1. For a quick check, take a GNM of chain A with Cα springs below 10 Å and name the residue from A:Pro75, A:Pro222, A:Pro251 with the largest mean-square fluctuation.
2. Take peptide A:128-138, look around each residue's Cβ out to 10 angstrom, count Cβ atoms belonging to other protein chains, and average those counts.
3. Net charge near B:Asp135, counting Lys/Arg +1 and Asp/Glu -1 over other residues with Cβ under 9 Å of its Cβ?
4. Report, in debye and to the nearest 20, how large the dipole of region C:214-313 comes out about its Cα centre when Lys and Arg carry +1 and Asp and Glu carry -1 on their Cβ.
5. Hey, which of these cross-link pairs are over 27 Å Cα-Cα: C:Lys143/D:Lys208; C:Lys143/D:Lys97; C:Lys192/C:Lys254; A:Lys143/D:Lys208?
6. Using Cα positions and a limit of under 18 Å, work out the lysines in reach of C:Lys144, with same-chain residues fewer than 8 apart set aside.
7. Note down the net charge around A:Ala109, summing +1 for each Lys or Arg and -1 for each Asp or Glu among other residues with Cβ under 9 Å from its Cβ.
8. So which residue, out of C:Thr155, C:Thr51, C:Thr88, gets the largest mean-square fluctuation from a GNM of chain C using Cα contacts under 10 Å as springs?
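The values are calculated or read from the model by the stated rules, or taken from the named source; none is laboratory data. Everything quoted here is computed from the prediction, not taken from an experiment. Positions of Cβ are generated from backbone atoms using ideal geometry, with glycine treated the same way; all protein chains shown enter the neighbour counts. When the accessible area is computed, the model is the full protein with side chains, heavy atoms only, and any ligands, DNA or RNA have been set aside. Shrake-Rupley method; radii C 1.70, N 1.55, O 1.52, S 1.80 Å.
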There are 4 protein chains.
Amino acid sequence: MNLIKPLTLILVFIITASAQQNPCPTASKFGPDDQIGNVNYITPAKTLAATKLVTTGKTYRLGIETNKDTPAYPPRTFAVTIVQPGQTGGGSLGPTKTTYNDDMIVGWAGVGTQLDGLGHIGIDGLYYNCNKASDFAMTDGLKKLGVEHVPAIATRGVLLDMAGYFNTDIVKEGTAFNRAEIEGAMKRQGIKSIEKGDVVLFYTGWLKLIGKDNKRFGSVAPGLGRDGAKFLASLEVAIIGADTWSFEVVPFEKDVGVFEVHQILIPLNGIHILENVNTEEMVRDQAWEFLFTLGAARITGGVQSIVNPIAIR
Amino acid sequence: MNLIKPLTLILVFIITASAQQNPCPTASKFGPDDQIGNVNYITPAKTLAATKLVTTGKTYRLGIETNKDTPAYPPRTFAVTIVQPGQTGGGSLGPTKTTYNDDMIVGWAGVGTQLDGLGHIGIDGLYYNCNKASDFAMTDGLKKLGVEHVPAIATRGVLLDMAGYFNTDIVKEGTAFNRAEIEGAMKRQGIKSIEKGDVVLFYTGWLKLIGKDNKRFGSVAPGLGRDGAKFLASLEVAIIGADTWSFEVVPFEKDVGVFEVHQILIPLNGIHILENVNTEEMVRDQAWEFLFTLGAARITGGVQSIVNPIAIR
Amino acid sequence: MNLIKPLTLILVFIITASAQQNPCPTASKFGPDDQIGNVNYITPAKTLAATKLVTTGKTYRLGIETNKDTPAYPPRTFAVTIVQPGQTGGGSLGPTKTTYNDDMIVGWAGVGTQLDGLGHIGIDGLYYNCNKASDFAMTDGLKKLGVEHVPAIATRGVLLDMAGYFNTDIVKEGTAFNRAEIEGAMKRQGIKSIEKGDVVLFYTGWLKLIGKDNKRFGSVAPGLGRDGAKFLASLEVAIIGADTWSFEVVPFEKDVGVFEVHQILIPLNGIHILENVNTEEMVRDQAWEFLFTLGAARITGGVQSIVNPIAIR
Amino acid sequence: MNLIKPLTLILVFIITASAQQNPCPTASKFGPDDQIGNVNYITPAKTLAATKLVTTGKTYRLGIETNKDTPAYPPRTFAVTIVQPGQTGGGSLGPTKTTYNDDMIVGWAGVGTQLDGLGHIGIDGLYYNCNKASDFAMTDGLKKLGVEHVPAIATRGVLLDMAGYFNTDIVKEGTAFNRAEIEGAMKRQGIKSIEKGDVVLFYTGWLKLIGKDNKRFGSVAPGLGRDGAKFLASLEVAIIGADTWSFEVVPFEKDVGVFEVHQILIPLNGIHILENVNTEEMVRDQAWEFLFTLGAARITGGVQSIVNPIAIR
């Protein structure tokens, strides 16, 4: 083993030197302490403008249900257990005979409609803003980039109806959404622009498969492609979502890495991702631009959050 | 044991007869299938009007953090566990070396900022809209009144600064908020009315105790009194919340049952409750009237939901 | 409601009077503080005698595996999660580069081979030794009759080969084992007696169905009948087990209540039950009498315990 | 980055060459498929001989209780939850009014008395018998070396009373047990030999600290030292245990790595470890040699197992 030690030292030296020359590839444009990425773009002015998009007051609940049957990325599971503490055998509390149910959750935060936090995806252990997994990803919770840091989100939402664009009910798996498809869908829907701080949601009809063909639903999907991800990142959007489990196109495009679109958005651009976002009713109403609000449960050190965003138009 | 059976039969007869003469005391004014109560009052018109309250675009994140140290009603506990599936020993996926963190939640839904669903509280086993616990409260999830039914909520919010009203930092435990206190606080803050479909939030300063005196925090609290609950119910508000674990005043008022205020609101009036709602910053900004939005994670059959409501003004 | 209160008072009076006249039907013969029932019969003399049964030193592992695919009584589930705390990204501890795996269990104690504790089954809320569920069955653990009280068990074991008795591979569901069948099997195997403090195990071949027909496995079974239970109780055995999920015969015999055999054994006679006990190899070896040992994990307040008893002959 | 690749290749070459010259350091003497290590030494002849040690029939329950207050290595936690499925509001099943409690376990297998399986500890990702963590340590269970493989254990047990040897109630933390101390204790107790396939248990009195000084209990301990581990490994014992959380001495001896004693025993010698083994009563009875039996719950892919071994003398 005599040779290994000196070689390791040389290696460490080279890597260190290299690190000093090249800035960390996931460095935030919002500074070394930033933990929320492009959500920073959602300023009060942006929020105020978004509220002006509301013209009817109709609200949309974008979350799907989360339960033991919700198809999820293995080995994710979910269960809720109902208990009646202190009421065994039919007891109750006090003169007004109060009874109550309580519930325990035992499951993964990545089941159902979910927000991928900035601590979810990395590049060989390097996460958003130069954070290394070995430094922050502790077994009892992320010490940085946890979902508890996500601010209240209220901003302009844009819905891209890809099923309409492809003139189909359910867009075929493996269909990549890149710049041409995004701009094509915008044009078809009369959406003039995608702007800094926006939330962009893709509709594909894919959620219709749940309960009908869970295997197909959970193994492949249409979705954002690599160039589409770079295009939307260049527009400085805050969050991108889709009505699929994978968000990005699966099978991955030729020469695209495993969940590389996630890497482009989350660690490299500080853009949060939403999965399994149900926009079915919005498509029926042609609700293309709207006020989007999201308050993710603030579980300290959580990677993801089971969410239920709201659209108001 | 010969005597018991006939007596039981008589008893059953009396109760049955009584039930036929008097309608079920928790019957919904929205019909026999209703599962959401006064949230029904949040119509598009109501939502549209509420969006007009937004003048600055400033958003407020009303959730506190949920973790193993968050004081909670016994025996509630909470833990998050971070894993890196398929990456044991430093592995990664594919050519772009994707790494990822995932998280498991093992805990109770009643830890941190929480929405009490209409299946939470009953009167001797009778819950909202004549639902009996034995019929719907199954161990693997509520079959009715689960939090998955709560619609997207966007409505007018009103914040009552009770600490300001009592001219103190933290309102003393056992202080009941009844009609006089509610109207007094409204007058002091210049709030003209509380309206049908509103969300009413009480600020007491109580959350300041977390981490400083968890025992006091979790054993007593100021809060809504019985007559205050009846007064707000008469105004047909949709949701009432507070910045305490108990929402209602503890110790309970003289002659008031154990969590009777919860009973008045949830089963008897179909009014959801929010607990541990952090309105500290809103009080600093005197943000008394605002657009309130809430999307509760749609856990099928869940009793409560860990939430993070958003206020926009 | 005027009539109900006086009637209730009368009822309570009658029940109380009745309780004073008749001793509690689940009272222990080992005194009012007893929590272990017939396991009391396993004295050092009994254990010493049982060790004399060992003639070859061959050991048998009687537990089946417990995992997410193990068929279990609904809504029971089971999962294990492996983590490597502090080693994210391939780290290790100290100069000798220690790495380690740890495991979390999230599941029900009634999955796989299990010991039913004396707190498992009751008669209308009345459990072993006059304990009422409302007094001891708290949500965070049984306050009495928990599995932590079970002593070290080392006693004579007797295996009844019911498949051999019925000359079949797998005894048919609904086949009840009563006195005639028990004595018939004993005679066939040359077992002279079943004695006070013994553990009696039934072999039916039923475990062969796991993985082949889980639905049949988990919905019906051959097993002990009501009179067989009373017969074995009269012999004052300590524990009775079987290689089925239900232990007792399902469908239940005519006029026998739901899991009434469990009631006869556990609350009424203080006899523990073992389920899913794998005695396949013992039958092949005709290991009819043996030293049986069982140390159940001492989970405080646990109802059941996932076990792996050992037979030595 | 040009330099790194060639260097890496050189490094890989050196390590590979080294691996070809030296067999894998954790290779099993029982062959490439072995998953149980020295437990192989527990033959029927060994078991039969051990049963001859029983002279009184007195049994000892060696497990401590496992619950939320049991001090455990961070971030390990434990909780049991009791439920009454289908009995909400006081219901029961069938004509004999069957009621039942069930229990969920949510916790880590390393809380309380525990068996460290051969998949627990590794050397830079290399585990027992040349198994690499990246190959077998999956998030949903170990694919090799899981506790489900541990056979029924019935063998000679030897108890070393180190508190007696040091003439104290509780052996001081940091006290290492090496060859001199082990042989000294044996001599004092009149134990002539430690043999192949034996289970060796150390008594230190350390468990007396639980509930009195949990911080001291869980941060340091007396225990086996490096040379003592090598000595016992040379005797080819099957399992070694102690009445401490760490089993080995903490603080570690000078120049001994982090849990290096675990490394010597588990991956390098295939010797299982038992922690928190309560031998208090055995010391009182001077039960130095005995029949030791252990059936670990067979949780598929489990790393550790909460156990309750039995001693019979």
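1. A:Pro75
2. The mean count of partner-chain Cβ atoms within 10 Å per residue comes to 4.
3. Overall, the nearby charge balance is +3.
4. Numbers: 8 positive and 12 negative charges, 44 e Å.
It works out to roughly 220 debye.
5. Pairs exceeding the cut-off: C:Lys192/C:Lys254; A:Lys143/D:Lys208.
6. Reachable lysines: C:Lys29, C:Lys132, D:Lys68.
7. Local net charge: -1.
8. C:Thr88
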